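These notes concern the structure reproduced below.
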Amino acid sequence: MQGERKISLYIDIDNLKIGYNEYDDAIKQLEMAGDILHCKVYGVSDRRHKEIISSIMDRGYDMAPVMRKRRPKQFDYRIIVDVMEDVLQNNNINTVVIIACPTDLVWLYSKLNSYNIKVIALDNNDEENRNLVDEVIHLGLHEPDPAPKKAPEPVKPAKAVPPPKKAKTPVAPTKTEPQVAATEELQTIKEVAERPNTEENIDKGNEELLQEIKGLLDKFKEEE
């Protein structure tokens, strides 16, 4: 792939908090992908980036000082201005690489795409930005998104436990089998209906059922 891509590279080392190893790794990856025609490094500090500054000077790259009056990990918007100026002034550029803190760059990426310029970005963009990026560069700075947590299953309301059936009592010889069955059913309904109407025994969703049971109980009492 050497020579196929004419790359313009923009690296924000300050806001990303990257050191020489990550900077050098990015350069090596891109040198394998094509020719770096232009590179600008942002947030350079004489005190903290001596090794990077030495590399910048050896390679003939540009550098910009640390932004003033900024928040930490903020995207350096000087990059957008420089990208558009460089692309419009140098027709040889066919690939733009941005290694910086994530922000909304949909407009910039869309514009570059309309110029048939490939976009390579760090692996820290959201889905909307990634959809406009042709390739991603990995420097080990961004942890993959955690797998979505499985939603907890809804807790099913506890079912009312029916009372244990009592052993059949000896049937008096004067009662017929239908009378015995009716008596047993009435006894079961009585036990269910007379249980305290508490959350432990019956939930609110069973109140209508309780009324039906009580109505049936009254019916059996009338038949008695």
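The values are calculated or read from the model by the stated rules, or taken from the named source; none is laboratory data. Worth saying up front: this structure is predicted, and the values here are computed from it rather than measured. All Cβ positions, glycine included, derive from the backbone under ideal geometry; neighbour counts span all protein chains shown.
Across segment 35-70, the number of residues qualifying as among the β-branched types (Val, Ile, Thr), touching an Asp or Glu at 6+ places or on another chain (Cβ under 9 Å) and closer than 23 Å to Asn92 by Cα comes to 2.
When segment 14-33 is filtered for residues that are hydrophobic (A, V, I, L, M, F, W, C) and in contact with a Lys or Arg (Cβ under 9 Å, 6 or more places away or on another chain), the ones remaining, listed by number, are Leu16, Ile27, Leu30, Ala33. Counting just the residues of segment 128-156 that are at pLDDT below 90 and either under 26 Å from Asp14 (Cα atoms) or in contact with a strand residue (DSSP E or B) (Cβ under 7 Å, 6 or more places away or on another chain) (or both), which one comes out surrounded by the most Cβ atoms within 10 Å (Cβ to Cβ)? Here the residue is Leu139.
Of everything in segment 21-72 that is surrounded by 13 or more Cβ atoms within 10 Å (Cβ to Cβ) and among the basic types (Lys, Arg), the residue that is nearest to Val119 (Cα to Cα) is Lys40. Sub-9 Å Cβ pairs linking a first residue in segment 112-140 that is more than 14 Å from Asn94 (Cα to Cα) to a second residue that is of a type in the set (Gly, Ala, Ser) and assigned to a loop (DSSP other than H, G, I, E, B), at least 6 apart or interchain, are Ala121/Ala100; Leu122/Ala100; Asn124/Ala100, ordered by first then second residue. In segment 1-26, the qualifying residues are those that are among the aliphatic types (A, V, I, L, M) and at pLDDT 95 or above, and the one that is nearest to Ile93 (Cα to Cα) is Ile7.
When Val87 is tested against (1) touching a residue at least 60 places away in the same chain (Cβ under 8 Å); (2) assigned to a helix (DSSP H, G or I); (3) under 21 Å from Ile13 (Cα atoms); (4) hydrophobic (A, V, I, L, M, F, W, C), just one condition goes unmet, and that condition is (3).
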